[in-house]
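Engineer: Here's a structure for you.
The values are calculated or read from the model by the stated rules, or taken from the named source; none is laboratory data. Small disclaimer: the values here were computed from a predicted structure and weren't measured. Here the Cβ positions follow ideal geometry from the backbone for every residue, glycine too, while neighbour counts run over all protein chains shown. Ligands, DNA and RNA are excluded from the accessible area calculation, which covers all protein heavy atoms including side chains. Shrake-Rupley method; radii C 1.70, N 1.55, O 1.52, S 1.80 Å.
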Amino acid sequence: MLIQSVYTSAAIQPMPKSKLYKILVDSRVSNKLADVTGLLVYVDGKFLQVLEGEQEVVSALLEKISKDRRHKDVKVVYKTGIERRTFNAWQMAYVSPSPKELATWAGLNNTTTLESTLKTLDSEPNRFPSLLSKLLLAISEKDLEPE
């Protein structure tokens with residue numbers, strides 16, 4: 001069964017674009033082999049990552065990710081069975097919106113901080129399908145590789 005899981009976490013230290021690029025390159029190689037697709041979002045020291053694939057594969061990958069020392073507070077905030085992938089064209093797409101853009105895409109027009117956006121998303125997971133659609137639209141070729 002195909003699933004889509006979304007987790008959030010906090011970087012242990014500021015993540016320069018060179019380190020983000022390494023994460024993306026490594027993820028794309030391993031995800032291609034595991035038939036996993038998804039999206040990495042990085043905003044103000046926080047990660048939001050979407051993983052899509054077979055349930056057993058995604059669960060094992062989340063277990064591995066939770067032990068990665070580059071971040072902490074890994075929390076799965078959304079998980080659902082899917083018939084088709086949202087990010088099927090990308091082993092790991094990348095986008096780095098501003099906190100305000102992420103809030104707007106989540107339908108939270110009066111929210112100004114990343115923390116309040118993530119808190120609302122955690123308590124209202126029904127917002128994720130719409131947010132993921134907006135993130136998909138935000139992906140462009142320039143976003144696939146950090147500058």
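Engineer: Which condition breaks for residue 123 when tested against (1) exposed (fewer than 14 other Cβ atoms within 10 Å of the Cβ); (2) among the small types (Gly, Ala, Ser); (3) modelled with pLDDT under 90?
Structural biologist: Only one criterion is unmet by residue 123, namely (3).
Engineer: Does at least one position in segment 50-58 carry a residue that is in contact with a helix residue (DSSP H, G or I) (Cβ under 7 Å, 6 or more places away or on another chain), open to solvent by less than 20 Å² (accessible area, probe 1.4 Å), of a type in the set (Gly, Ala, Ser) and closer than 17 Å to residue 91 by Cβ?
Structural biologist: Yes: one or more hits.
Engineer: Given the criteria in a helix (DSSP H, G or I), in contact with a Leu (Cβ under 9 Å, 6 or more places away or on another chain) and closer than 27 Å to residue 112 by Cα, does residue 40 qualify?
Structural biologist: So residue 40 does not fit the description; no.
Engineer: Within segment 67-85, does at least one residue satisfy the condition of being free of Cβ contacts under 8 Å to residues at least 60 places away in the same chain, open to solvent by less than 60 Å² (accessible area, probe 1.4 Å) and either closer than 18 Å to residue 13 by Cα or hydroxyl-bearing (Ser, Thr, Tyr) (or both)? Before you say what the answer is, go through the steps one by one.
Structural biologist: First, the residues of segment 67-85 that are free of Cβ contacts under 8 Å to residues at least 60 places away in the same chain: 67-70.
Imposing the further condition that a residue be open to solvent by less than 60 Å² (accessible area, probe 1.4 Å) reduces the set to 68.
Right, trim to either closer than 18 Å to residue 13 by Cα or hydroxyl-bearing (Ser, Thr, Tyr) (or both) and you get 68.
Yes, because at least one residue in segment 67-85 is free of Cβ contacts under 8 Å to residues at least 60 places away in the same chain, open to solvent by less than 60 Å² (accessible area, probe 1.4 Å) and either closer than 18 Å to residue 13 by Cα or hydroxyl-bearing (Ser, Thr, Tyr) (or both).
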